[in-house]
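A quick write-up on the structure given underneath.
Laboratory data are not the source of any read-out in this text; all were calculated from the coordinates shown. All values reported here derive from a predicted model rather than from experimental measurement. Heads up, the Cβs are rebuilt from the backbone with ideal geometry, glycines too, and the neighbour counts pull from every protein chain shown.
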Amino acid sequence: MKNNLVLSAIMAFTILFQVSCTKKIPTDLTKTSFIPKPVSVVATGETFELTRSTVVYYQEGVEGLQQTAQYLTVELNRIGGITPTVNSTAEAPASGIYLSVGDHGQELGEEGYVLNIGKKVINISANRVAGCFFGIQTLLQTMPAGQTTALPIEIATGTIRDFPEFGYRGAMLDVARHFFSVQDVKRFIDFLAAYKMNVLHLHLSDDQGWRIEIKSWPKLTEIGGSTEVGGGEGGFYTQEQYTEIVNYALERNITIIPEIDMPGHTNAALASYAELNCNGKATELYTGIEVGFSTLCTRKEITYQFVDDVVREISAITPGPYFHIGGDESLVTPLDDYVYFINRVQDIVVKYGKKVIGWDEIAHATLVDGATVQFWADVNNTKMAVGKGAKVIMSPAKKAYLDMKYDSTTHLGLHWAGYIEVDTAYIWDPASYVAGITKENILGIESPLWSETVTNIDEIEYMAFPRLPGYAEIGWTAPDARNWDEYKQRLAQHGKRFEAMNIDFYRSPLVPWEQ
Ligand code: IFG
């Protein structure tokens, strides 16, 4: 009997010893594969234990901080199945997770943060609530990506001080060539939030589809929203659904920028209203992928009533400061008509309180104060725009177009701008990409995903991952702190995160994905 007891004790101890050895307790915060790479990470070699009793506190009297604390609890529930209490507090708690806002100096700016992980208290503090949100994204990357039942979640202690290189870090989703549901757009927003991007540009209209309800011009969606590339059923967002997307993005510190592309890329509108055509005849709906064949009638007054109504209605439900007027590939609009049109449309956008963004071709017009051009292909347009006082969003097709194939074997995407493997997408610096366009001229970076060949969320994921985190890092991390050989090791660690989020990503052979 005695021997059995001794044997059982030895077995129990052995199992306990093995378990404690296999569950590596993290103590070196600098070993975490953060993307974007933070400005500074200092480890203090201990461990914070996140348990069912961990409380989330937020500094009382700071607008928006409670919502950010709620966001954190939703994420903690997704990861660890815990439902932390959320409490406001006048001062720092002795334990738990604590969000606070204070004066951390000019260097941290509007989006920087300090993440202090102590043994008992994790404090995320910033000049603004947005900084706390981005600090949460960093904290989440110290935890398992997917659902874990192994509590406590152990987090290595230390201090991270961080702030972004550019204030505009975004992606564009073309919902016109192929339509994507509100749910799909929200999932795309989740991807942007996870990597500290803060802009989603929605390409809401094109030759193949009109995707946003305009109450004063109902046929834009009744007819213009009724199909898509390939002849599918298309679709559109009601203004209520658009507002749902805007609010979902706002909760994640993401600004929605609506684009109505004009005067070219307008066949869906021209098919919806005969009077918008110079010959007074509605065009046929178009489901191919050619570009440059359509134009609004730039010398008809009804065109400007149309634009005024569209800009007014969309601006009224867009809290963000920008309205994107497109302006690309107006190949059948005579230049003087194009310039006349762009000049008038800019005034309409300003009238409704928004700042103008346009593709780089709008540089041919007289740019209003505060106008921004989105560089995609023409260096001379972009330099002309800077010469007229405009800022630049860097979206070089050769580097940043998410619809470009990875290589010649990629079954989705186009390759007119070249193949963009994960290294090509990462190894470039927006501030030196175009001679004469410097950091001072640049608002930031945006990676457009055009959807001629992309038809559903799985295909969106395949084209966006793993390149999107690289664009997020280019927008956040200083160029001298970025290096492909070092980055790819961190990216490899995020493969597990992509899997945990059920992201159908391209397993590039250039990345040493962790098995
Ligand atoms: N260029 C067109 C897009 C799209 C794209 C596909 C811009 C600004 C090629 N315009 O990029 O509408 O067709 O890669």
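Each part gets one Cα centre, and for segment 286-345 versus segment 359-406 those centres are 17 Å apart. Applying the Kirkwood pairwise sum to the alpha-carbon positions of the chain produces a hydrodynamic radius of 24.4 angstrom. Extension gain for the segment Asp28 to Glu275, taken as residue separation times 0.36 nm less the Cα-Cα distance, is 82.2 nm to one decimal.
Work out which helices of the chain, taken as complete DSSP H runs, extend at least 20 Å along their axis over the Cα atoms and score a mean Kyte-Doolittle of -1.0 or more, then list them.
Within the chain the helices that satisfy the rule are 2-22, 65-80, 301-316, 335-351.
Three principal axis extents of segment 232-280 based on alpha-carbon atoms, in descending order, are 46, 23, 18 Å. Highest mean packing first, where packing is the average number of other Cβ atoms within 10 Å per residue, the peptides 142-149, 97-104 line up as 97-104, 142-149. In terms of other Cβ atoms within 10 Å, Tyr71, Tyr237 run from fewest to most in the order Tyr71, Tyr237.
Distance distribution P(r), segment 394-437, all Cα-Cα pairs, bin width 10 angstrom from 0: 31, 49, 18, 2 percent.
Considering only alpha-carbon pairs that sit under 8 angstrom and 6 or more positions apart, the relative contact order computed for segment 179-256 is 37 percent.
Peptide packing for 194-204, 386-396, 322-332 was compared via the average number of neighbouring C-beta atoms within 10 Å per residue; ordered from the highest value, the list is 194-204, 322-332, 386-396. What residues have an amide H closer than 5 Å to that of Asn87, excluding those fewer than 5 places away on the same chain, when H is modeled at 1.01 Å from N in the peptide plane? Excluding prolines and chain starts, which carry no amide H, the hits are Val56, Tyr57, Tyr58.
For segment 195-243, GluC sites (Glu not before Pro) meeting the loop criterion (DSSP other than H, G, I, E, B) and having at most 12 other Cβ atoms within 10 Å: Glu233. Only alpha carbons enter this Debye calculation for segment 119-251, each as an equal point scatterer, and the log10 of I(q)/I(0) it gives at q = 0.10, 0.15, 0.19 Å⁻¹ is -0.48, -0.82, -1.07.
Peptides 352-360, 281-289, ordered by how many other C-beta atoms sit within 10 Å of their residues on average, highest first, read 352-360, 281-289.
Normalised by the number of residues in segment 88-160, the mean separation of alpha-carbon contacts (under 8 Å, six or more apart) gives a relative contact order of 30 percent.
For Ser33, neighbours were defined as the other residues whose beta-carbon sits under 11 Å from its Cβ, and their charges (Lys and Arg +1, Asp and Glu -1) total +4.
Each label was represented as a point 7 Å from its Cα along the Cα-to-Cβ direction; for Ser181 and Asn380 these points are 4.7 nm apart. Among the listed pairs Lys354/Lys399; Lys354/Lys391; Lys439/Lys488; Lys24/Lys119; Lys186/Lys355; Lys196/Lys488, those whose Cα-Cα separation exceeds 20 Å are Lys354/Lys399; Lys439/Lys488; Lys186/Lys355.
Only beta bridges with both residues in the chain are counted; by DSSP, about 30 percent of them are antiparallel.
Given axes a ≥ b ≥ c from the Cα gyration tensor, I'd like to know whether segment 437-485 is rounded (a/c under 1.5), prolate (a/b larger than b/c) or oblate. Cα axes put segment 437-485 in the oblate bin.
Each of Thr32, Ala130, Ala150 was placed along the dipole of segment 21-159 (beta-carbon charges, centred on the mean Cα), and the one lying farthest toward the positive end is Ala150. Using only the Cα atoms of segment 193-307, construct the convex hull and provide its projected area averaged over every direction, in square nanometres to one decimal. Spelled out: convex hull of the Cα atoms, projected over all directions, averaged, 7.9 nm². Net charge within 14 Å of Tyr57 by Cβ-Cβ distance, Lys/Arg positive one each and Asp/Glu negative one each, not counting Tyr57 itself? My count for the surroundings of Tyr57 gives -1. The Cα center of segment 426-501 and the Cα center of segment 185-244 differ in position by 23 Å.
Can you bin segment 320-368 into rounded, prolate or oblate? Criterion: square roots of the alpha carbon gyration tensor eigenvalues sorted a ≥ b ≥ c, rounded for a/c under 1.5, prolate for a/b above b/c, oblate for the rest.
prolate
What relative contact order, as a whole-number percentage, does the chain give when Cα pairs under 8 Å and 6 or more residues apart are counted?
Relative contact order, the chain: 13 percent.
Which of rounded, prolate or oblate describes segment 24-172 when judged by the alpha-carbon gyration tensor and an a/c cut-off of 1.5? Verdict is rounded for segment 24-172. Calculated mean residue ellipticity at 222 nm for the chain: -10000 deg cm²/dmol, from DSSP H runs with n ≥ 4 weighted as -39500 (n - 2.57), summed, divided by the residue count and rounded to 500.
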